[in-house]
Amino acid sequence: MSTHRVETRYDDIIKSQSDDRLYRGLVLSNKMKVLLISDPTTDRSAAAMDIKVERERERECYCTDENIKYPKENDYNIYLSQNGGRSNALTYVDHTTYYFDVTPEKLEGALDRFAQFFIAPLFTENLTELEINAINSEYEEYVANDAWRCHYLDRSSAIGHPFSKFATGNRETLDVIPKQKGINVRNELLEFYKKYYSANIMSLSILSKESLDELENMIVDLFCEVRNNEIEVPIWSEHPFKDEHFRTIWYIVPIKDIRNLSISFPVPDMRQNYRSAPAHYVSHLLGHKGKGSLLSALKSKGWCNTLLSEKRLAARGTNSIFNITVDLTEEGIKHIEDVVLRVFQYINMLKLKGPIKWIYDEYRDIANMDFRFTEKFSPCNYVNFTVQALQIFPMNEILCAECIYPEWRPDLIEEIMTYLTPQNVRIHVVAKAYEDIADETERWYGTKYKKMKISKETMEMWNSAAFNDDLKLPPRNKFIATTFDIKPQTNIEKFPIILEDTSFVRLWYKKDDEFLVPKAIMNFDIFSPFAFLDPLSYNLTYMFIQLFHDSLNEYTYAAELAGLQWKLDTSPYGIKLFISGYDNKQHVLLEKLMDRMINFKADPKRFEIIKEKYIRDLKNFAAQQLYQQAVYYLAALLAEQSWLEKELLEATAYLSVEGLQKFIPQLFSKVHVECLIYGNVTITEATYIRKLIESKLTTGVPNIIPLLEKQLLLFREIKLEDGCHFLFEVENNLHKSSCTMVYYQTGLQSTESNMLLELLTQIIEEPCFNILRTKEQLGYTVFCRIHRTSGTQGLLIIVQGDKHPQYVEKRINLFLDYMLNHISTLTEEQFEKYKKTIATSRLGNPKRLSARCTIYWNEIIDQQYNFDRVNIEEAYLKTISLQQLLNFFKENVHSKTRRKLSVHVISTATSTENNSPDNTTDKTANLSINKEVKKIDDITSFKNSQSFYPLFKPLEKYFLRKGVRSSKL
């Protein structure tokens, strides 16, 4: 161990009883705080550095990956990519985090490169310009994001306070204005770096498989080289909002058709009181969803659908904001003052009753239970969590400080409550209805709004808010687990087995012998041929699911607080039910859900409210991120059965509560349930669950019959015509960016094609980002990934930015030409390194019960049943040759027989030069659409002109679905 460069060492860090990792805290001689985490079982190493710098100062200073020791361009990212790693950075209000992960064997090399960012970065003129362009692209992506727009409108109103600064940055603030003022941005970056990149305001967290002593020796000499300028952490001593900012209401016009009400109050920053977390008590009650809650009272009036209560940090110092957000209905927006009145009535009830210890005891006990049985996070997520905790909490409490609440401090709860008054209120109301009255526009995001002082009469009404008999404290929680025993069982099967198989239910079962936590997961896939028969059926199924959740909010919220999660959702073939968490009382929740499902009666009032919201959501499709729209169109073009949002929207005209009530018995009249029960569950308990499900169905649904074999077949995928390039274009008038997506269909999944495609993607991924995003600046969102569905797969490349898709696709084609040469010239050593990276990332064991269950469940619902896929495919990976990969790339991406589909989402929101097809510095490029490209003008006609891939054949050693295996005459 290094001693002369370590000022203090901590080996008493409090951790969960279930945590088998080892921890050591250090304070280096340069005052940098360090957490070392040793986990011999990890398959990934990760590190994160956090700097206490305000976002508006830091935004210009994303670390470049060039430094004096490693001056080669993109050396850091190339090193990580070739060794199974990735990197990123996150900016917050008052700190910034940089992080990476990598294979453990290559940690030391990655750390050396990482450390140089904070010791001797170059900040070259070229990379400074590229980063400014990237920041501007990111800014343009958020211009149509309503949450971002409202956030910056709120910030901009704190005139004169640092909180009001435009922290995101764009080309105007980082390039145009500095040049006008004669400011050299690179010089400013260097000055900023020299001043603020100081070891005494930095924290470092590292997780790897090495021992604590080995990790300490690895990092001490490296990071002690970071300068310590003894800088004081900037603190805002004053709250961003002064008295004149309160008692105001802002009417804000959104991009999407949404209706939100935000009620906020200034509160002190009580992070120093983390052991009691007084704001948690208040937000727990104001945000409660159970009987007697504020949400239930507002829903009973037909004024809202959801409510969220939280404290958020404005900045380090004495500055926080307590916020209540309400999703308003059509009726609710007519009753803004009444909604706020109910809020103050609830607050007054809390003040009258005072802090109640049993409420604190209850959520404290749940928090202790969750901390005791905390499962592992991914290494990247864990170092991000711990590195930020290092900046705030005492070293020995960094793991538990935000997880448990050991102190009961009613005095601090009462102090928080004193700030929640009409005198301190700020109100934002967001709705399309305010377009005609908006008379101001926020500078950076163009948000239209109207600001008004709240009237004297309204203030008097809120100040004199009486108590409301509908508002009550929540009852005691009956779902809190009381037993945590790990149930014994011998001869545990390695993979899920079919425990029971009836005409209605097939039960897969696996007892957990890996994580050993008192938790279980139950998955139910309920096949019904009526669920998505046509757009109206789809809408009725969706409405049933939404109303089902809505009707159970009060009952199940207590279960969710106690660590029991559940969800009913659509699946490709019907509906799926998911329950997870502590196994102790899962069966109670399941029985309630099944009873309600079978005997469901729709509330006509809630039906109309949720129908109206559903219609708005469908109309808001165009406001979604463009790359999400592109992937949606890809699925619509290739799926055997799919309904477009415009078809669903048209079918909403036929939605009625009477029609839904008739539809529900039909939905369940022909079903088959595929079920997986996994975790701390015995065979007897799993069998009981199967009997419960089948009994509820067969006794509760009149004339129910099982499905035939042909009704249990999976959908197939369109097989693109060999040698064809299809193009689908669609316009978007809300986003300034456009999106280019190209998809190369490689065919049916198999052990061979799976590994070749994964290996190809691993090799292409980093150059794709570096060339198309960093060098060519084609967009902020650039990625390459595998697209898998219905037993088929292919290579997907997406670029979202301000360049026209025709031009971007030309650049993607040239990039793939480059990749042909790149792959052809790989050395055997480089190729083997990529293979090892794939093997390491795939062979890594899941860290949590839920992750393991997802692996099993995907094999079951995809009807592939290859539970040992990792080992089978990893063994094949070792046999792949470079020539084999090159042939695969040529055949599927770079040949005349390749199958290609492009989706272009083209912005019409701006007429700037960037949006023109001939926007390029390469004047010699031919930008006209290739005559061989087949344009898709009608989706249905296109799909009718193509054939289908056959269904994927599962492993023979596992059974098919119940009906499928008896098809012989």
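The values are calculated or read from the model by the stated rules, or taken from the named source; none is laboratory data. Note that the structure is predicted; figures quoted are calculated from it, not measured. Glycine gets a Cβ as well: all are built from the backbone with ideal geometry, and neighbour counts include every protein chain shown.
Would you be able to tell me the number of residues in the stretch 539-571 that are out of contact with any Gly (no Cβ under 7 Å at 6 or more places or on another chain), small (Gly, Ala, Ser) and within 16 Å of His288 (Cβ to Cβ)? Final tally of qualifying residues: 2. Residues that are among the acidic types (Asp, Glu), closer than 30 Å to Gly581 by Cβ and modelled with pLDDT of 95 or more occur at least once in the stretch 599-611. Among residues that are within 28 Å of the chain's Cα centre (by Cα) and hydrophobic (A, V, I, L, M, F, W, C), Val425 is not included. Report yes if some residue within the stretch 372-388 is touching a Lys or Arg at 6+ places or on another chain (Cβ under 9 Å), in contact (Cβ under 8 Å) with a residue 60 or more places away in the chain and over 22 Å from Tyr99 (Cβ atoms); otherwise report no. There is at least one residue in the stretch 372-388 that is touching a Lys or Arg at 6+ places or on another chain (Cβ under 9 Å), in contact (Cβ under 8 Å) with a residue 60 or more places away in the chain and over 22 Å from Tyr99 (Cβ atoms). Of everything listed in (1) closer than 30 Å to Gly844 by Cα; (2) out of contact with any strand residue (DSSP E or B) (no Cβ under 8 Å at 6 or more places or on another chain); (3) of a type in the set (A, V, I, L, M, F, W, C); (4) free of Cβ contacts under 8 Å to residues at least 40 places away in the same chain, the single unmet condition for Ile486 is (4). Return yes when Ser211 is of a type in the set (Gly, Ala, Ser), in the same structural domain as Tyr23 (by TED's automatic domain parsing) and exposed (fewer than 15 other Cβ atoms within 10 Å of the Cβ) and no when it is not. Yes, satisfied.
If you go through the stretch 317-328 and keep only what is more than 14 Å from Val430 (Cβ to Cβ), in contact (Cβ under 8 Å) with a residue 60 or more places away in the chain and of a type in the set (Ser, Thr, Tyr), you end up with just Thr318. The C-beta contact set for the stretch 345-364 (first residue assigned by TED's automatic domain parsing to the domain that holds Tyr419 and within 14 Å of Ser276 (Cα to Cα), second residue among the polar types (S, T, N, Q) and surrounded by fewer than 19 Cβ atoms within 10 Å (Cβ to Cβ), distance under 8 angstrom, 6+ apart or interchain) comprises Glu362/Asn477.
Which numbered condition trips up Ser753, out of (1) more than 31 Å from the chain's Cα centre (by Cα); (2) assigned to a helix (DSSP H, G or I)? It fails just one condition, (1).
Scanning the stretch 469-510 for residues that are of a type in the set (Lys, Arg) and more than 29 Å from the chain's Cα centre (by Cα), which turns out surrounded by the most Cβ atoms within 10 Å (Cβ to Cβ)? Residue satisfying both the conditions and the ranking: Arg506.
The number of residues in the stretch 641-694 that are surrounded by 15 or more Cβ atoms within 10 Å (Cβ to Cβ), touching a Phe, Trp or Tyr at 6+ places or on another chain (Cβ under 7 Å) and assigned to a loop (DSSP other than H, G, I, E, B) comes to 1. For the stretch 180-195, the condition of being surrounded by 18 or more Cβ atoms within 10 Å (Cβ to Cβ), within 28 Å of the chain's Cα centre (by Cα), assigned by TED's automatic domain parsing to the domain that holds Lys33 and in a helix (DSSP H, G or I) holds for none of the residues. Considered as a group, the residues in the stretch 379-399 that are part of a helix (DSSP H, G or I) and of a type in the set (S, T, N, Q) include one that is farthest from Lys33 (Cα to Cα), and that residue is Asn381. The helices (runs of 4 or more DSSP H) falling completely within the stretch 247-356 that include 3 or more residues that are in contact with a Gly (Cβ under 9 Å, 6 or more places away or on another chain) and either β-branched (Val, Ile, Thr) or crowded, with 19+ Cβ neighbours inside 10 Å (or both) map to 294-300. Condition test on Glu645, is it under 29 Å from the mean Cα position of the chain (by Cα), acidic (Asp, Glu) and under 30 Å from Asp937 (Cα atoms)? Taking the combined requirement at face value, the residue satisfies it. Here Leu820 passes the criteria (1) modelled with pLDDT of 95 or more; (2) within 30 Å of Ile575 (Cα to Cα); (3) surrounded by fewer than 20 Cβ atoms within 10 Å (Cβ to Cβ); (4) of a type in the set (A, V, I, L, M, F, W, C) except the one numbered (2).
Apart from one condition, Ile705 fits all of (1) crowded, with 16+ Cβ neighbours inside 10 Å; (2) in contact with a strand residue (DSSP E or B) (Cβ under 8 Å, 6 or more places away or on another chain); (3) within 19 Å of Phe527 (Cβ to Cβ); the exception is (1). Of all residues being among the acidic types (Asp, Glu) and under 30 Å from Leu955 (Cβ atoms) in the stretch 732-791, which is surrounded by the most Cβ atoms within 10 Å (Cβ to Cβ)? Just the residue, please. Result: Glu758. Listed conditions (1) within 25 Å of Met755 (Cα to Cα); (2) in a strand (DSSP E or B) are all met by Gln800, apart from (1). If only residues of the stretch 123-173 that are touching a helix residue (DSSP H, G or I) at 6+ places or on another chain (Cβ under 6 Å) and over 26 Å from Leu778 (Cα atoms) are counted, the one that is surrounded by the most Cβ atoms within 10 Å (Cβ to Cβ) is Phe163.
For the stretch 833-855, indicate whether the set of residues that are of a type in the set (Val, Ile, Thr), touching a Lys or Arg at 6+ places or on another chain (Cβ under 9 Å), closer than 30 Å to Lys511 by Cα and not assigned by TED's automatic domain parsing to the domain that holds Leu727 is non-empty. Give the steps one after another, and end with the answer.
Just the residues of the stretch 833-855 that are of a type in the set (Val, Ile, Thr), to begin with: 837-838, 840, 854-855.
Now drop any that are not touching a Lys or Arg at 6+ places or on another chain (Cβ under 9 Å), which leaves 840, 855.
Those left that are additionally closer than 30 Å to Lys511 by Cα: 840, 855.
In the following step, the residues that additionally are not assigned by TED's automatic domain parsing to the domain that holds Leu727 were identified as 855.
The answer is yes; a qualifying residue exists.
Exactly one residue among Asp583, Asp550 is charged (D, E, K, R), surrounded by fewer than 22 Cβ atoms within 10 Å (Cβ to Cβ), assigned by TED's automatic domain parsing to the domain that holds Gly700 and on the phi < 0 side of the Ramachandran plot, and that residue is Asp550.
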